[in-house]
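The values are calculated or read from the model by the stated rules, or taken from the named source; none is laboratory data. Because the structure is a prediction, the values reported are computed rather than measured. Don't worry about glycine lacking a Cβ; one is built from the backbone with ideal geometry, like all the others, and counts go over all protein chains shown. For accessibility, only protein heavy atoms count, side chains too; no ligands or nucleic acids. Shrake-Rupley method; radii C 1.70, N 1.55, O 1.52, S 1.80 Å.
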Amino acid sequence: MSTATQQPEADALVLFGATGDLSKRKLFPALYHMEAHGGLAVPIIGVARSDWNDDGFRQHAHDSILEAIPHAEAAVIEKLLARLDLIQGDYADPKTWKSLAATLRKHKSEQAVFYMAIPPTMFPTVATSLASVGLNDRGRIVVEKPFGRDLASAKELNDTLHAVFPEERIFRIDHYLGKESVEDLLVFRFSNTLLEPVWNRNYVRSVQITMSETIGVEGRGSFYDGVGTIRDVLQNHLLQVLALVAMEPPAGPESRYQQDEKAKVFAAMRPIDPSALVRGQYVGYRDEPGVAPDSSIETFVAARLEIDSWRWAGVPWYVRCGKGLECNATEVVVEFREPPSLLFDEAGGPKPERNLVRFRLGKRDGVTFTLQAKTPGPHLDSQNVDVAVDFAAALGERREAYERLLGDALDGLPRRFAREDVVEQTWRVVQPALDTPDGVHPYFRGSWGPAEADRILCGDKWFVPSST
Ligand code: BG6
């Protein structure tokens, strides 16, 4: 599919941090799937500081793929491994960059994608070093999250990158934007006529977004303890999901229209009120390897947000996310206002409950409408019935986020990436929570976080996610 914003296809993929954790867990498995689906046609050049040779690198890629995809086909892996080269060297050493430029010349590459699967502190060095050998002239740069640590550092990073790459060639990854279930929010909302008339403050009572994970920090303690839940997932994944639920219809499929609408949502959003935010930390977190014994970093956060627009003013947006919680789920629940109840006012009879639209965005994704239907019997009573669709059953197999996003980066499609102003707006929204880090409330693993999270609800209740 082509849009007006499509850029030329890439002729090489350069992977910085090729021997790191992200490459192992996500990128090599995604590259395997691309190869299996016939979607890979370029050489892949790994760059890493580790003291490895080409064979060691290929073996590492091979093992990473099999760990993630135990039934991976040997022939597909072989085809992928044949594309790999490794450049080993220090990022601060000019020789590394000369050698990268020479390798790209060997492959006759003029339009490479540079993927930064490296710690954010390295982004400026890599970006400026690419420019030192002229590789910024035509290439695209893909930047992993977290993009900055706060508003000031995000702006600084944008300035650093813009000094060598124009905005249209900076692809900021948020892998939630590559999930079919998340993109479906846009399609479901704007391709179903029955939703749009009621998708506003006149009919919607509240919106709740939950991202819960049962795992703890699982060996990522030293990374996580410098980041916390607000920076790890709230500022990016959850706010991107929120924007898709809240935004006005984009004027067209081109990337800029969608980005414009997201930017408008955040511009109309008040910065988080620290008194409407609760941070939690699971009991045992401070004993995790790499975590400070007196750490006050949150592993859970719940917050109430407001969008002061004609569509949404007065509607609370509750977001809740954390690790060590009861189940794995990512869900958006849109709760509608209650209907008039005079018709159902028989003595002792229940009032109709509020309708819900539940978007299940996690592994078993789909949509559930919770509606009212007549309870069998002589009275005019109603009860909840679920009208549900599981997308895997209805729509068949979908591709993983990283496969889609790597494909987009190579094809030059910016739509599923985050634009500079949108990222800065999201930092502006969460900044007060970073400026006034209150203490963390302890909670037990397997719970729904600290009980204090209830205090941000304005007479509402948390919905228990239905998906695992
Ligand atoms: C990552 C976070 O961006 O998203 C992790 O750094 C989190 O902490 C992960 O576990 C969740 O992604 P998914 O796709 O499993 O919901």
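Worth a mention:
- Of the helices (runs of 4 or more DSSP H) lying entirely inside the range 189-273, those containing at least 1 residues that are at pLDDT 95 or above and over 30 Å from Val440 (Cβ atoms) span 255-267.
- Considering the range 168-179, the residues that are of a type outside the set (A, V, I, L, M) and more than 12 Å from the ligand (Cβ to nearest atom) include one that is surrounded by the fewest Cβ atoms within 10 Å (Cβ to Cβ), namely Glu168.
- Scanning the range 191-212 for residues that are closer than 14 Å to Arg311 by Cα and not small (Gly, Ala, Ser) yields Leu195, Glu196, Pro197, Val198, Trp199, Asn200, Arg201, Asn202, Tyr203, Val204, Arg205, Val207.
- Residue match in the range 80-88 (condition: modelled with pLDDT under 95, in contact with a Phe, Trp or Tyr (Cβ under 7 Å, 6 or more places away or on another chain) and surrounded by 22 or more Cβ atoms within 10 Å (Cβ to Cβ)): yes
- The set of residues in the range 135-153 being in contact (Cβ under 8 Å) with a residue 40 or more places away in the chain and within 16 Å of the ligand (Cβ to nearest atom) consists of Val142, Glu144, Lys145, Pro146, Phe147, Gly148, Arg149.
- Hey, Arg320 within 16 Å of the ligand (Cβ to nearest atom), modelled with pLDDT of 95 or more and charged (D, E, K, R) or not: yes
- The condition (being at pLDDT 95 or above, among the acidic types (Asp, Glu) and open to solvent by 50 Å² or more (accessible area, probe 1.4 Å)) is satisfied by just one residue among Glu73, Glu35, Glu9: Glu73.
- Among the residues listed as Gly449, Gly439, the single one being touching a strand residue (DSSP E or B) at 6+ places or on another chain (Cβ under 9 Å) and within 16 Å of the ligand (Cβ to nearest atom): Gly449
- If you check Val126, Val113, Val142, Val133 for being out of contact with any helix residue (DSSP H, G or I) (no Cβ under 6 Å at 6 or more places or on another chain) and on the phi < 0 side of the Ramachandran plot, only one passes: Val126.
- Residue identified as open to solvent by 30 Å² or more (accessible area, probe 1.4 Å), hydroxyl-bearing (Ser, Thr, Tyr) and away from the ligand (no atom under 16 Å from the Cβ) among Thr103, Thr160, Thr96: Thr160
- Residue within the range 43-50 that is among the hydroxyl-bearing types (Ser, Thr, Tyr) and at pLDDT below 95 present: yes
- So Arg149, is it more than 30 Å from Val283 (Cα to Cα) and surrounded by 15 or more Cβ atoms within 10 Å (Cβ to Cβ): no
- The single residue among Leu238, Leu244, Leu194, Leu186 that is buried (at least 19 other Cβ atoms within 10 Å of the Cβ) and more than 11 Å from the ligand (Cβ to nearest atom) turns out to be Leu244.
- Glu420 being closer than 28 Å to Gly148 by Cβ and either touching an Asp or Glu at 6+ places or on another chain (Cβ under 6 Å) or surrounded by fewer than 20 Cβ atoms within 10 Å (Cβ to Cβ) (or both): yes
- Criterion: without any contact (Cβ under 8 Å) to a residue 24 or more places away in the chain, more than 16 Å from the ligand (Cβ to nearest atom), within 23 Å of Ala453 (Cβ to Cβ) and surrounded by fewer than 21 Cβ atoms within 10 Å (Cβ to Cβ) - qualifying residue of Arg270, Arg286, Arg354: Arg286
- Residue check for Glu110: out of contact with any His (no Cβ under 8 Å at 6 or more places or on another chain), within 20 Å of Gly407 (Cα to Cα) and either of a type in the set (Ser, Thr, Tyr) or open to solvent by 10 Å² or more (accessible area, probe 1.4 Å) (or both): yes
- Condition met for Val278 (more than 13 Å from the ligand (Cβ to nearest atom), in a strand (DSSP E or B) and crowded, with 22+ Cβ neighbours inside 10 Å): yes
- Within the range 417-457, the set of residues being over 26 Å from Gly284 (Cα atoms), part of a loop (DSSP other than H, G, I, E, B) and in contact with a Lys or Arg (Cβ under 7 Å, 6 or more places away or on another chain) comprises just one member, Phe417.
- Output for the range 208-234, where each listed residue is of a type in the set (S, T, N, Q) and either surrounded by fewer than 19 Cβ atoms within 10 Å (Cβ to Cβ) or within 11 Å of the ligand (Cβ to nearest atom) (or both): Ser212, Thr214, Ser222, Thr229
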